[in-house]
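Asker: Pasting in a structure now, in structure tokens, and then I'll have a few things to ask.
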Amino acid sequence: MPAAAGRQTSSRADFVLTLNLLTQKFEINGKTFDPDRVDVRPRLGTTEIWRVRNATIGFAHSFHTHLARFRVLDRDGKPPRPGESGLKDVVSVREGETVRIAPRFVDFPGCFVYHCHQMAHTHAMMATMEVVR
């Protein structure tokens, strides 16, 4: 999938979605949301490969990216399900599942969030990306 202006990156990011049993808070990569922390810095005009793994027992999560649409590449190494073709901004990740997506950072530089799109999880299960030039 070509990126805007012909720029493409092989950058990869891994995200693990969990529930911290001690604090009873949902986390991404062992962290709860901190608006002053930037966790990833994709470059404007690129497409990255992100792997999202749901390690939470008993919960599905809906992984949502703000202002960065993506294609679903695979689920546990298998082709995406019917209805998952085309650009998306949210993907369901079931318990124990790993989904690879290819977000495109082609429209806007700046700070945006990605998070679980389920309201009960969103407060802690969110992080910031800064799209840089």
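The values are calculated or read from the model by the stated rules, or taken from the named source; none is laboratory data. What you see is a predicted model, and the numbers here were worked out from it, not measured in a lab. Counting neighbours? That spans all protein chains shown, and the Cβs are built from the backbone with ideal geometry, glycine included. Heavy atoms of the whole protein, side chains included, go into the accessibility calculation; ligands, DNA and RNA do not. Shrake-Rupley method; radii C 1.70, N 1.55, O 1.52, S 1.80 Å.
Asker: Give the distance, in whole Å, between the Cα centre of the stretch 111-126 and the Cα centre of the stretch 33-95.
Answerer: Here the two parts' Cα centres lie 12 Å apart.
Asker: Follow-up question, since we're still on this one. With +1 on each Lys and Arg Cβ and -1 on each Asp and Glu Cβ, and nothing else charged, work out how big the dipole of the chain is about its Cα centre, in Debye to the nearest 20.
Answerer: The dipole of the chain has a size of about 360 debye.
Asker: Here's another thing I want to ask about it. Leaving out ligands, DNA and RNA, and with a 1.4 Å probe, what % of the accessible surface on the chain is carbon or sulfur?
Answerer: Carbon-and-sulfur percentage of accessible area, whole number: 53.
Asker: If you roll a 1.4 Å probe over the heavy atoms of the protein chains, what accessible area per residue do you get for the chain, in Å²?
Answerer: The answer is 54 Å² per residue.
Asker: Using only the Cα atoms of the chain, what are the Rg and Dmax in Å?
Answerer: My reading of the Cα-based Rg and Dmax gives 14.2, 46 Å.
Asker: Next up: Return the loop-located trypsin sites (Lys or Arg not before Pro) in the stretch 78-109 (DSSP other than H, G, I, E, B) with at most 16 other Cβ atoms within 10 Å of their own Cβ; answer none if there are none.
Answerer: Passing sites in the stretch 78-109 are R94.
Asker: Can you pull the one-decimal nm distance between simple spin-label points at V132 and V40, each 7 Å off the Cα toward Cβ?
Answerer: It works out to 1.5 nm between the two label points.
Asker: For the chain, what does -39500 (n - 2.57) per DSSP helix run (n ≥ 4), summed and divided by total residues, give at 222 nm, in deg cm²/dmol to the nearest 500?
Answerer: Helices in the chain give a 222 nm mean residue ellipticity of -500 deg cm²/dmol.
Asker: Give a quick list of trypsin sites (Lys or Arg not before Pro) in the stretch 4-82 that DSSP marks as loop, anything other than H, G, I, E or B, with at most 10 other Cβ atoms within 10 Å.
Answerer: Within the stretch 4-82, the qualifying trypsin sites (Lys or Arg not before Pro) (loop, at most 10 other Cβ atoms within 10 Å) are R37.
Asker: Which residue fluctuates the most in the chain, going by a Gaussian network model with Cα springs under 10 Å, if the choices are L87, L73, L21?
Answerer: Comparing L87, L73, L21 in the GNM, the peak value goes to L21.
Asker: Something else about it: With a Förster radius of 22 Å, plug the Cβ-Cβ distance of M119 and S11 into 1/(1 + (r/R0)^6) and report the FRET value to the nearest 0.05.
Answerer: Taking R0 as 22 Å, the efficiency between M119 and S11 is 0.15.
Asker: Please find the FRET efficiency linking L22 to S85, where r is the Cβ-Cβ separation and R0 is fixed at 35 Å, and quote it to the nearest 0.05.
Answerer: Plugging the Cβ-Cβ distance into 1/(1 + (r/R0)^6) gives 0.30.
Asker: With contacts defined as alpha carbon pairs under 8 Å and 6 or more residues apart, what's the relative contact order of the stretch 20-133 in percent?
Answerer: 39
Asker: Using 0.36 nm per residue of separation minus the Cα-Cα distance, give me the extension gain between F108 and I57 in nm, one decimal.
Answerer: Full extension of this stretch gives 14.8 nm more.
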